Amino acid sequence: MVRKFSVKGLRSPSLLIDMILSDAKDDILIVETDGEEQIKDIENLLKKYNLKYEVEGNVVKIHVGEIKADKSINVVGATCPGPIMMVSDMLSKMKNGEILEIICGKNALTDLTEGLKGMGNEIISVEEKEDGTYRILVKKGEKKEEEKATVKIDELFIINTTGTGNAEKAYSTFMMADVALKMNLKPTIFLMMDGASLALKGECDKVKHPAFPKLGDLVRDILKKGVKVYVCELSAEFRGINEKNLEDGFEIAGAPTFLNYLSKPNVRPVWL
């Protein structure tokens, strides 16, 4: 069961949470807080009980016991777009509020979490298992109609389709991300088609513009600044790129991740 409540305004939120925990079994508690001071108070309590928890902004998500899913599906081994299609089909047969357990490989993790959120579902938890697979718990929801209003563009989705075959565009991809950061925009890079060649380990170090540092140095600098770099799963597979020879810091993703970014009203796509 997922239980949501607020502790805003309480001087010692841990006292209330301690009372709730005494009655919680196989639950996930989602706690809305006022911020850092309340979160520290709650964390001290959870560490005492050795409970797993996540902090997302001003929300603390507490895991109590083992959540029981209404249904389960295993998509390990399936490649894009197989996992999201299999999971979507399963969810279409479930009621809103029911919980689905998904077992998947690392290749499908980002696609499933991004794609399912984009469809209006709630990702309850993501857990890596001992065998290297992942367990996702998702609560079925539905996408709400967005109110028509002026939307501020605050993210840049940079899509590179040319890779090392066009050094100028390769440099532009990462330099544009750097400029976006300086303009207080959040950049995300997606490499697809020939753009996936940039994801091969060591490939960017082979590219050097006379007026700039090695492309590899520019890439590493961008990654250090927190910019996400995704690589199309099918494009990578077509070029023999996998987790073993993938450039450090890059992440393989597929159509759901790509389409989820394109569907965001606050995101401006840039094709290179």
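Couple of notes before you dig in:
- Within region 1-24, the set of residues being more than 28 Å from the chain's Cα centre (by Cα) and under 29 Å from LEU100 (Cα atoms) comprises ILE17, ASP18, MET19, ILE20, LEU21, SER22, ASP23, ALA24.
- Of all residues in region 1-32 being in contact (Cβ under 8 Å) with a residue 12 or more places away in the chain and farther than 22 Å from ILE67 by Cβ, the one that is surrounded by the fewest Cβ atoms within 10 Å (Cβ to Cβ): GLY9
- Hits in region 65-99 (condition: hydrophobic (A, V, I, L, M, F, W, C), under 30 Å from MET19 (Cα atoms) and at pLDDT below 85): ILE67, ALA69
- Looking across region 224-270, the residues that are touching a residue at least 60 places away in the same chain (Cβ under 8 Å) and of a type in the set (D, E, K, R) come down to GLU233, GLU237, GLU243, GLU251, LYS264, ARG268.
- Residue match in region 57-64 (condition: assigned to a strand (DSSP E or B), within 15 Å of LEU16 (Cα to Cα) and not basic (Lys, Arg)): yes
- Output for region 222-272, where each listed residue is under 21 Å from LEU185 (Cβ atoms) and aliphatic (A, V, I, L, M): ILE222, LEU223, VAL227, VAL229, ALA253, LEU259, LEU262, VAL267, VAL270, LEU272
- Conditions (1) of a type outside the set (Lys, Arg); (2) farther than 23 Å from ALA236 by Cα; (3) buried (at least 16 other Cβ atoms within 10 Å of the Cβ): number failed by SER92: (3)
- No other residue among ILE102, ILE62 is at pLDDT below 90 and β-branched (Val, Ile, Thr) apart from ILE62.
- Filter result (buried (at least 17 other Cβ atoms within 10 Å of the Cβ) and among the polar types (S, T, N, Q)) within region 95-124: ASN107, THR110, THR113, ASN121
- Scope region 193-208; condition part of a loop (DSSP other than H, G, I, E, B) and surrounded by fewer than 16 Cβ atoms within 10 Å (Cβ to Cβ); matching residues: LYS201, GLY202
- Some residue of region 30-38 being of a type in the set (Ser, Thr, Tyr) and either at pLDDT 85 or above or over 21 Å from the mean Cα position of the chain (by Cα) (or both): yes
- Test: residue in region 42-58 that is hydroxyl-bearing (Ser, Thr, Tyr), at pLDDT 85 or above and not assigned by TED's automatic domain parsing to the domain that holds LEU100: no
- Residue selected from region 7-20 under the condition aliphatic (A, V, I, L, M) and out of contact with any helix residue (DSSP H, G or I) (no Cβ under 7 Å at 6 or more places or on another chain), by the criterion nearest to HIS63 (Cα to Cα): ILE20
- Residues satisfying the criterion are absent from region 33-55 (criterion: surrounded by fewer than 19 Cβ atoms within 10 Å (Cβ to Cβ) and closer than 22 Å to ASN260 by Cα).
- Some residue of region 236-245 being closer than 25 Å to VAL151 by Cα and in a helix (DSSP H, G or I): no
The values are calculated or read from the model by the stated rules, or taken from the named source; none is laboratory data. As the structure is a prediction and not an experimental result, all values here were calculated from the model. Note that we place each Cβ from the backbone using ideal geometry, even for glycine, and neighbour counts take in every protein chain shown.
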